[in-house]
There are 2 protein chains.
Amino acid sequence: MGSLWAPPGRPSRPDGAGALRAPQTREAILPLLAETFREHGYEGASLSAISRRTGLGKGSLYHFFPGGKEEMAACVLTEIEAWFEARMFRPLREDPDPAAALRAMLAETDGYFRSGRRICLVGAFALSTTRDAFARRIDAYFAAWRDAVAAALARGGVAEARALDLAEETVTAIQGALVTASALQDPGLFGRTLARLALRLAAALGEGAGRPT
Amino acid sequence: MGSLWAPPGRPSRPDGAGALRAPQTREAILPLLAETFREHGYEGASLSAISRRTGLGKGSLYHFFPGGKEEMAACVLTEIEAWFEARMFRPLREDPDPAAALRAMLAETDGYFRSGRRICLVGAFALSTTRDAFARRIDAYFAAWRDAVAAALARGGVAEARALDLAEETVTAIQGALVTASALQDPGLFGRTLARLALRLAAALGEGAGRPT
DNA sequence: ATGCCAGTTTACCGATCGGTACAGAAGAGG
DNA sequence: CCTCTTCTGTACCGATCGGTAAACTGGCAT
């Protein structure tokens, strides 16, 4: 039976560009793992679902991730952390133009979360007992996001306390929009939330720095 | 095999642990079910966990909820809907003093979610594929909340479009605060979010109705 | 050609999953 | 006392869970 559908000759392409066939590196697998965890949550993402999504049998999965499901989730979190650090947090902290960095952050947010059609894996993990297994990393992710926004605001002339408060509001609003957009199946909601945040951030920057010297 | 040692009549203790007896009505069970679903999510809440939490064996659970886990979750949702409708949505729509109703809503929110130490079950359901099983009810819950807030604002003199926008922001911010408060284990965050919302709602009401005659 | 080796397949493990069957215990009413 | 109904404990079901073991594959350097 199995010999029929099982492709005997596997073209092992060293180039990992093609996502059509089974990916053969950890890096290529991670996005598929992430999507599976997003859809079903950590507990709900069974190995068979992962196997189906990735096209890899259990043996292959355990070859790449000897630690099993927990290692898979940990690696996904690492990749997410790296992405946000490189694309959002570092620019927020270092871009010479804080206002532009904040606008770029909102644009990246809209892209990453597909205008609200995709959820935040870290936020979803935070809501169940899955949190316990990754508590430090979940905490660090949100703290880094908030602090990066606050740093940009502060460099833009906003007072420290006000910057932290507005940063907290920003991250909170984004997470809330992911929840309500999913719940209401209303993609427009996410864009409206980001637009509100853009206005509010710009306003704070405008007040903070009276006139650029 | 087991016929030899199987005791035909196991005299179950009439009252061994007299302290907290198992609740014997659906209504009394629901809060325990809700808490179990909150902690583990729908998929993660196993019958054994539910059995442990409620102190009821499978036999009793299936006696009260013949439909199994899905019926349990459905009943929990019904109870939640009723609570919010009675304590928050109806007052928002009908209270002669909309400003007071909005303040009361925020206070009820703080109480219900234990200042951010408790999560929103409906929001958590919305984030995974569990959503599919309860899609209509999840959608209706958030829509009702948003529309009730908008109705209160409108009766307070806020323009229709502005009221809806602010209501959407309010519900979204509350949900986001539940996520980030859980993630950062920072209960203060929830209170700060509610305080921000109180200011913003009051401001909108203040603008909308120039001077009360 | 040979032997290594990353990668895969397949079968299997004990545990637990959600759910069912049913006998027995507990109360209520007579 | 007996009976009927309501509730509960327990054994059991097939399926699936996360995870392991080992045989096999095909490519590659020697």
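The values are calculated or read from the model by the stated rules, or taken from the named source; none is laboratory data. A quick note: this is a predicted structure, and the numbers were derived from the prediction, not measured. All Cβ positions, glycine included, derive from the backbone under ideal geometry; neighbour counts span all protein chains shown.
Counted as qualifying within segment A:107-213 are the helices (runs of 4 or more DSSP H) with 2 or more residues that are hydroxyl-bearing (S, T, Y) and under 24 Å from B:R118 (Cα atoms), namely A:160-184.
Among the residues of segment B:65-76, those that are surrounded by fewer than 19 Cβ atoms within 10 Å (Cβ to Cβ) and away from chain A (no Cβ under 14 Å) comprise B:P66, B:G67, B:G68, B:E70, B:E71, B:A74.
Being touching a helix residue (DSSP H, G or I) at 6+ places or on another chain (Cβ under 9 Å), modelled with pLDDT of 95 or more and within 11 Å of chain B (Cβ to nearest Cβ) is a property that A:R117 lacks. Per the listing B:F134, B:F89, the residue uniquely buried (at least 18 other Cβ atoms within 10 Å of the Cβ), within 11 Å of chain A (Cβ to nearest Cβ) and touching a helix residue (DSSP H, G or I) at 6+ places or on another chain (Cβ under 7 Å) is B:F134.
Filtered by the rule that a residue be out of contact with any Leu (no Cβ under 8 Å at 6 or more places or on another chain) and buried (at least 17 other Cβ atoms within 10 Å of the Cβ), segment B:149-168 gives B:A154, B:R155, B:L164, B:D165.
Between B:P23, B:P31, B:P91, the distinction of being over 17 Å from B:F142 (Cα atoms) and at pLDDT 95 or above belongs to B:P31 only.
Give me a count of the residues in segment A:136-151 that are under 15 Å from A:Q175 (Cα atoms) and not acidic (D, E). Steps first, answer last, please.
First pass over segment A:136-151, keeping only residues under 15 Å from A:Q175 (Cα atoms): A:138-139, A:141-146, A:149.
So of that shortlist, the ones also not acidic (D, E) come out as A:138, A:141-146, A:149.
The number of residues fulfilling the criteria is 8.
B:E79 - would you say it is within 21 Å of A:L189 (Cα to Cα), surrounded by fewer than 20 Cβ atoms within 10 Å (Cβ to Cβ) and more than 14 Å from chain A (Cβ to nearest Cβ)? For B:E79, the condition - within 21 Å of A:L189 (Cα to Cα), surrounded by fewer than 20 Cβ atoms within 10 Å (Cβ to Cβ) and more than 14 Å from chain A (Cβ to nearest Cβ) - is not met.
Just to be sure before I move on: is A:G176 away from chain B (no Cβ under 11 Å) and touching a helix residue (DSSP H, G or I) at 6+ places or on another chain (Cβ under 8 Å) in the structure I sent?
Working: away from chain B (no Cβ under 11 Å): no; touching a helix residue (DSSP H, G or I) at 6+ places or on another chain (Cβ under 8 Å): yes.
Against the criterion (away from chain B (no Cβ under 11 Å) and touching a helix residue (DSSP H, G or I) at 6+ places or on another chain (Cβ under 8 Å)), A:G176 does not qualify.
For A:F125, the conditions (1) more than 16 Å from the chain's Cα centre (by Cα); (2) in contact (Cβ under 8 Å) with a residue 40 or more places away in the chain; (3) away from DNA strand C (no atom under 16 Å from the Cβ) are fulfilled apart from (1).
Of all residue pairs spaced 6 or more apart or on separate chains, those with beta-carbon atoms under 7 Å, a first member in segment B:59-75 that is closer than 16 Å to B:V122 by Cα and a second member that is of a type in the set (G, A, S) and more than 8 Å from DNA strand C (Cβ to nearest atom) are B:E70/B:A133. Between B:G156, B:G191, the distinction of being in contact (Cβ under 8 Å) with a residue 40 or more places away in the chain and in contact with a Pro (Cβ under 8 Å, 6 or more places away or on another chain) belongs to B:G156 only.
Counting just the residues of segment A:31-53 that are within 16 Å of DNA strand C (Cβ to nearest atom) and touching a residue at least 60 places away in the same chain (Cβ under 8 Å), which one comes out surrounded by the fewest Cβ atoms within 10 Å (Cβ to Cβ)? Here the residue is A:E43.
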